[in-house]
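Read-outs throughout are calculated quantities, based only on the coordinates presented, and are distinct from any laboratory measurement. Predicted model, so just to flag it, every value in this text is computed and none were measured. Using ideal geometry, Cβ is built from the backbone for each residue, glycine included, and neighbour counts are taken over all protein chains shown.
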Amino acid sequence: MEKGKHVPENANFCCFGCMSNGGTLTGVLILEAYRKLDKKKSGLFCTPAIAAGVPKHRKTTEKAKRIIAIDGCFTNTQRRFLKRVALREELFAMPSQELRKNNWFC
């Protein structure tokens, strides 16, 4: 990582998968929420870069205080991926689960 490069406190990994409505909607929700978040505290991190073994992305992720997995559906692919690549997930969210509970979409 370049000297002096900022690392957000929260590394947010979000599944934008479009195999379910929940995944698509989660992606839209996360992008909308991200616009309003403090960029010093939260960053959107790149799942494909971690999967491809890009060292810079891995090092930046490891320097974040928290890793947050945000999944779009019940297969929990984002959460499972982070576990597979041995990154510590501290928080987990599935917005589509809350939407279903409140009958906001099927």
Magnitude of the charge dipole, segment 21-75, Cβ model with Lys/Arg +1 and Asp/Glu -1, debye to 20: 440 debye
For Cα extents along the principal axes in Å, calculated from these coordinates, the label among (i) 39, 30, 25; (ii) 40, 33, 18; (iii) 48, 30, 21: (iii)
Distance between modelled label sites at K5 and K56, nm, 7 Å Cα→Cβ extension: 0.5 nm
Farthest toward positive dipole pole in the chain [+1 Lys/Arg, -1 Asp/Glu at C-beta], among L29, C15, A52: A52
Dipole in debye (nearest 20) - the chain, about Cα centre, beta carbon charges: Lys, Arg +1; Asp, Glu -1: 400 debye
Listed peptides 52-59, 65-72 by packing density, highest first (mean Cβ within 10 Å): 65-72, 52-59
Net charge, I67 excluded, C-beta distance under 13 Å - Lys, Arg +1, Asp, Glu -1: +3
Chain lengthening between T24 and A49 when straightened (0.36 nm per residue, less Cα-Cα): 7.0 nm
Residue order, fewest to most beta carbons within 10 Å, for V7, V85: V85, V7
Extended-chain gain in nm, criterion 0.36 nm per residue less alpha-carbon gap, V85 and A33: 16.1 nm
Charge context of F92, other residues only, Cβ under 9 angstrom, K/R +1, D/E -1: -2
The chain - percent relative contact order, Cα under 8 Å, separation 6 or more: 33 percent
For T75, T47, order by how many other beta-carbon atoms lie within 10 Å, fewest first: T75, T47
Protection proxy ranking, peptides 35-46, 20-31, average beta carbon neighbours within 10 Å, highest first: 20-31, 35-46
